[in-house]
Structures are given as structure tokens and as C-alpha cells.
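A quick write-up on the structure given underneath.
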Amino acid sequence: MKAKTIRSIIRKKVNEWLESIEDEAVRTAVSDKVIVTGGAIPSMLIGEKVNDFDVYLTDKGALLALAKYYVAKFKEASPQKHKDGKLVEMSVEDLEDRVRVTIKSQGIAGEGKSEGYAYFEGNEVGDPESDDFVDRAMEHAEAQENEPGKKPYRPIFLSANAITLANRIQIVTRFFGPAGEIHKNYDFVHCTSHWESETVKLALRPDALEALLTRELVYIGSRYPLASIIRTRKFLTRGFTC
């Protein structure tokens, strides 16, 4: 897929998502602070299906407002309960270096009560079970897109590190800042191209394109090396070498 096509697809996707935010103040605060990076861009470049669009924000204040907005929406639409019937406490923490969604005693919560949609205690995005949960949550949401009352871009999955929306948007709350700062936390270089809403430009890194063209996994470091091992195995099954 050509770069200008990828740029148009991401811009349309982000605009649709922003229009779904009902709080005008939150929408305005977020609109020019969006970065899309991660696996979506390389998937489009080589013609593979996009699993989700990873969204980051450049500004902590905007991220905090957005997280509070979606936690409130989630609590209203999908109230989670303990086995004793009491509501699970959910809140957004403003920490020194991050924004964290706290789900007391559970760690993770997902939309619906069908099998596989209960919370997984203690997991965070990056753990294989949690990633599997997100994939199934996405599939579950897509199957319900035409059902009455199911809004697009509604929150369907919460964890300490990310808020997953229907229509394949994942807002990463663990990190914020410009693309260069975000990519310091990335493990493989081929995932480091990005699009930003402030300039509406797509930046394709030469080293990312080279790694994608040669299907070579180039490790650049990670805060979660065990998760990177899991991801390595996944990429090897998709034809990469290392």
C-alpha cells in the first residue's frame, strides 16, 4: 500500500474516532495531540490485515482527560461486579511519569459477561493472556456492530496500560510524549513509523522500512523483554528472521 493511501486511511480513522467523543472539551484537547504508531503502519505497507490502531497522546493533560472520559463511559455502559455483587472500583491515577487506570482487586475489565469476558486478575497489556483477551474483545465488538445500542468507538476493555475501543482503536495510557520518546519503549524497529494529527503527516523511518523489506527483526530494546520474546515468536510465524 502506498504511503499517501496509508496516511488517508489513518486520518479518516482518527477523525471518525474523534467525532465519536461526546465531550467537546475532551475532543478539542485531544484532536491535535494524537500519534498513531506500532503495528498498523507496517501491516498496511505489506498488505496485511490491521489488528488495531495504537494511539498515543503527546500531552499528559489531554491523556488524563481522555482516560477519565472513557472510564466514566465504561462504568456507565458495562458496570463490573465482584462475585459478592459489589461494583468493582475503577479510577484514573495521575502519576509522575504516567496515567494509570486502576481497577481495584481485578487489574483488567472487559465488556460483556460471556465466556472469556470476565476480568483476568493482575494482567497487563503485553502479557500473552491479556493480548488474547484484547483480540477476542475486538472480535466480540465487531460481531455486535450492527446491534441496536452498540455505539462505535465505545470502550470495551480496560487495563492499567491501555483503553481498547470498538472499531479497533487502542489508546495506550502507559506512555505519552512525542514519537521519539514513545519509541524509546519499543522493541522492534519495523514498528516505529508514525502518523501525527498536529501535522497530518506520515513519517516512514528508513531503518523501519529496511527491516520490513528484509523481514528482519531488529531489536532496539524494551521495558518488557519477556513480552518481546513472545512477540518474537509471533513475528517468526509471519516470516520474519532474527
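Summary table
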item: Scope segment 176-232; condition free of Cβ contacts under 8 Å to residues at least 24 places away in the same chain, hydrophobic (A, V, I, L, M, F, W, C) and open to solvent by less than 60 Å² (accessible area, probe 1.4 Å); matching residues; result: Ala211
item: Residues of segment 20-63 satisfying the condition of being open to solvent by 50 Å² or more (accessible area, probe 1.4 Å), of a type in the set (Val, Ile, Thr) and within 20 Å of Asp97 (Cβ to Cβ); result: Thr58
item: Odd one out for Gly38, checked against (1) farther than 28 Å from Lys234 by Cα; (2) in contact with a helix residue (DSSP H, G or I) (Cβ under 6 Å, 6 or more places away or on another chain); result: (1)
item: Qualifying residue in segment 68-89 (condition: within 15 Å of the chain's Cα centre (by Cα) and hydroxyl-bearing (Ser, Thr, Tyr)); result: yes
item: Helices (runs of 4 or more DSSP H) wholly inside segment 1-55 that include at least 1 residues being more than 16 Å from His194 (Cβ to Cβ) and touching a residue at least 24 places away in the same chain (Cβ under 8 Å); result: 3-20, 24-31
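The values are calculated or read from the model by the stated rules, or taken from the named source; none is laboratory data. Note that this is a predicted model, so its numbers are computed, not measured. Reconstructed Cβ throughout: ideal geometry from the backbone, glycine too, with neighbour counts over all protein chains shown. Just the protein is used for accessible areas: all its heavy atoms, side chains included, with ligands, DNA and RNA removed. Shrake-Rupley method; radii C 1.70, N 1.55, O 1.52, S 1.80 Å.
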